[in-house]
Amino acid sequence: MAVLAEIAGDESPPPLPPSEGGEASGAPSTSSPSDADGGGKPSPRTSKPGRKRLVLTASVLLSFLIGLPLLLKSTEIHRSPLPSDAIAALSRRLHSNPPSFPCGLHAVFLRSGRDPSEASVANRIEREISTQLVDLPDASTAGKISVSVTVESAGGCSSSSKVASPWRCGAVTTADLGRGDEVFDELLDSALGDGGGDGMRVYTVVFVDSDDLKRIVIGKHRHAWVVGKVDEAEVVSIIGKVFVKYFMNGGVEEGEASTVKREFMPVGSDGNIVLSFSLLNADPSDWVYDWEFENIGQRMLTPVIEALRPIANINIESQVLYHTPKSSYSYSDDKLGGNVLSVGDIPFFVNSNEWHLDTSISATGRSKVLQFVVYIPSARECPLYLQLPDGELSKTNAFISPMWGGVVIWNPPGCSFGSKPHGALDKMSSEELMETIEIFIGQLRQLFGLKSSYHAQSMDGVTKFITSPKGFAQWELDLLYRHHACSNLLSCLTTLESLSSLVQSLPRMIVMDEIGRQVELSLEAASLAQRNASLGIISATRARALAEDAFFHPSVMSISYASIEHYFAIYMTAI
């Protein structure tokens with residue numbers, strides 16, 4: 001073992017590997033600490049970077065700073081400022097002071113005696129009527145009511161001092177009553193003006209001192225008259241009740257007034273209505289009927305359309321359909337000799353699957369379509385009668401569906417229980433078609449919140465109504481104008497508040513300049529409707545239409561907007 005150790009100690013160490021340059025060096029090698037730790041890492045830079053690298057870095061940074069404004073401008077969202085303060089101010093005005101329009105009440109006393117008419121008498125009666133109106137229920141949408149009185153007799157004519165009287169003294173006398181109510185109604189209209197110079201509607205109640213039986217007549221214009229031997233206190237009471245019940249509330253009872261005030265008028269938001277008239281032949285294998293609606297129907301409806309023009313632009317369409325059975329069931333009644341349809345089955349009468357009524361070409365945009373249907377039953381269910389809840393049969397054999405339209409069940413001539421079909425083509429006679437159109441006009445009145453017709457009523461005397469060929473009396477049209485104007489103002493406010501809330505909730509929502517302009521014009525029209533009674537209905541309709549156009553603008557409806565949190569959730573994950 002010692003010998004092996006000596007031999008190992010005599011051996012020389014192996015030569016060093018050549019350097020990178022290929023030269024062998026006998027000098028001892030020195031290793032840096034980094035080589036000792038694992039080797040291979042370059043030594044840190046001891047000199048500054050070159051100018052070329054600094055220029056490159058600076059150019060990149062400068063390009064970013066120059067392009068940043070352009071990037072922000074290209075991603076900027078255009079938002080036209082909406083007058084939120086003006087919308088809030090309109091809301092405060094409408095809620096604190098609900099929309100209403102001023103009206104006037106003018107009372108005329110035609111006395112038969114020769115006592116001189118003094119102004120003090122007219123002033124005293126004016127105070128009594130004003131006190132009477134305070135004690136009566138609120139007069140619907142009417143605002144401040146101004147009262148004036150005229151007392152006329154053979155001894156002279158005098159008026160109260162507060163309001164200028166529209167009455168032309170001597171134009172009407174008590175002797176004119178003998179010429180008939182229709183003539184007397186026109187004489188009163190010629191003796192009265194249309195109203196105040198500021199557009200305020202003035203309604204007149206005339207008391208005619210006569211020995212005739214006490215009666216009350218409501219004219220087709222803006223006046224009524226009371227005839228008979230009645231003391232002054234009772235006349236004052238009748239004048240107040242006639243003014244509030246009929247001229248202000250449309251003839252409805254006190255308990256029904258709130259329902260009519262809340263009734264939504266069937267008018268499209270764009271101010272258009274389409275009246276679609278359809279003749280339905282339930283089973284053409286039994287009989288087929290046609291009608292001359294283009295000649296008779298449109299001629300009867302033209303005055304109605306002209307009367308309602310300030311409220312809506314109305315178009316008329318008509319059609320004849322076949323194979324249109326009803327959905328509800330009817331039962332036979334031998335006592336009545338026909339089939340009976342109960343009121344409970346009315347909601348299921350309209351057959352939406354078979355009645356293809358929605359074929360209007362005039363209904364564009366946000367127009368409202370009202371359907372008026374003449375239903376001709378088949379031979380196996382003819383005649384078909386509508387039974388009322390009290391067990392009586394309907395006199396018109398018709399019913400309405402609110403906001404949809406009306407239906408008239410028409411039993412053809414010769415239709416009897418168990419009648420046989422003949423399959424021939426017939427036409428509704430002119431008389432039958434005119435009667436049907438009259439029923440449709442009454443249904444249209446009901447859809448607008450009025451009564452279909454006024455029958456003789458008892459209110460401190462027999463009440464008679466003079467009908468108008470337009471289908472609506474002038475005082476009824478005034479009532480519809482006021483209700484429609486108030487409804488449009490409230491609808492305009494609701495739409496503008498919804499639009500303002502929508503814009504504020506979506507910060508990245510685009511608001512075009514056209515939208516802002518429409519909102520401003522809508523606010524201007526709403527303010528004008530509140531200030532000017534004569535332009536109330538027109539301005540209120542325009543205010544609502546502009547608000548609807550702004551809310552349903554194509555730039556608002558065509559893009560889906562997300563909240564700012566949505567964008568944070570997307571881009572934070574990418575970063």
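The values are calculated or read from the model by the stated rules, or taken from the named source; none is laboratory data. Since the model is a prediction, treat every value here as computed from it, not as a measurement. Cβ atoms come from the backbone with ideal geometry, glycine included; neighbour counts cover every protein chain shown. Each accessible area value is taken on the protein alone, full model and side chains, heavy atoms only, with ligands, DNA and RNA left out. Shrake-Rupley method; radii C 1.70, N 1.55, O 1.52, S 1.80 Å.
For the residue pair Glu232 and Ile66, what label-to-label distance in nm results when each label sits 7 Å from Cα along the Cα-to-beta-carbon direction?
It is 9.7 nm.
Taking amide H positions as placed 1.01 Å from N in the peptide plane, with prolines and chain starts having none, which residues 5 or more places from Phe109, or on another chain, fall under 5 Å of its amide H?
Those qualifying (amide H under 5 Å, at least 5 residues apart or on another chain) are Thr150, Val151, Glu152, Phe207.
Evaluate the relative contact order of region 282-448 (contact order divided by residue number), counting alpha-carbon pairs under 8 angstrom at least 6 apart; express in whole percent.
Relative contact order of region 282-448: 31 percent.
Can you give the % of DSSP beta bridges in region 282-448 that are antiparallel, to the nearest 5? Could the numbers behind the result be given before it?
Values: 8 of 20 bridges.
In region 282-448, approximately 40 percent of DSSP beta bridges are antiparallel ones.
How much accessible area per residue does region 282-448 have, counting only protein heavy atoms and a probe of 1.4 Å, in square angstrom?
49
So how much slack lies between Leu133 and Val343, counting 0.36 nm per residue of separation and subtracting their Cα-Cα distance, in nm?
Length difference between fully extended and current span is 71.6 nm.
Under a crude label model (7 Å from the Cα following the beta-carbon direction), how far is Asn353 from Asp513 in nanometres?
It works out to 5.5 nm between the two label points.
How much length is gained if the chain between Lys241 and Glu431 is pulled fully straight, taking 0.36 nm per residue apart and subtracting their Cα-Cα distance, in nm to one decimal?
Numbers: separation 190, 0.36 × 190 = 68.40 nm, distance 3.84 nm.
The Lys241-Glu431 span can extend by a further 64.6 nm.
With labels modelled as points extended 7 Å from the Cα through the Cβ direction, what inter-label distance (nm, one decimal) is found for Glu306 paired with Tyr331?
Taking the two extended label points, one gets 5.0 nm.
Expected output is a single nm value to one decimal: the length gained when fully extending between Glu182 and Glu392, i.e. 0.36 nm times separation in residues minus the C-alpha distance. What is it?
My answer for the length gained is 72.2 nm.
Taking amide H positions as placed 1.01 Å from N in the peptide plane, with prolines and chain starts having none, which residues 5 or more places from Ile314, or on another chain, fall under 5 Å of its amide H?
Ile273
Can you pull the accessible area of His221 for me, 1.4 Å probe, Å² to the nearest 10?
So the heavy atoms of His221 present about 40 Å² to solvent.
First compute the accessible area of region 282-448 with a 1.4 Å probe, then give the percent of it belonging to carbon and sulfur atoms.
Of the solvent-accessible surface of region 282-448, carbon and sulfur hold 51 percent.
What is the projected area of the convex hull of the Cα atoms of region 282-448, averaged over all directions, in nm²?
Directional mean of the projected Cα hull area for region 282-448 stands at 10.3 nm².
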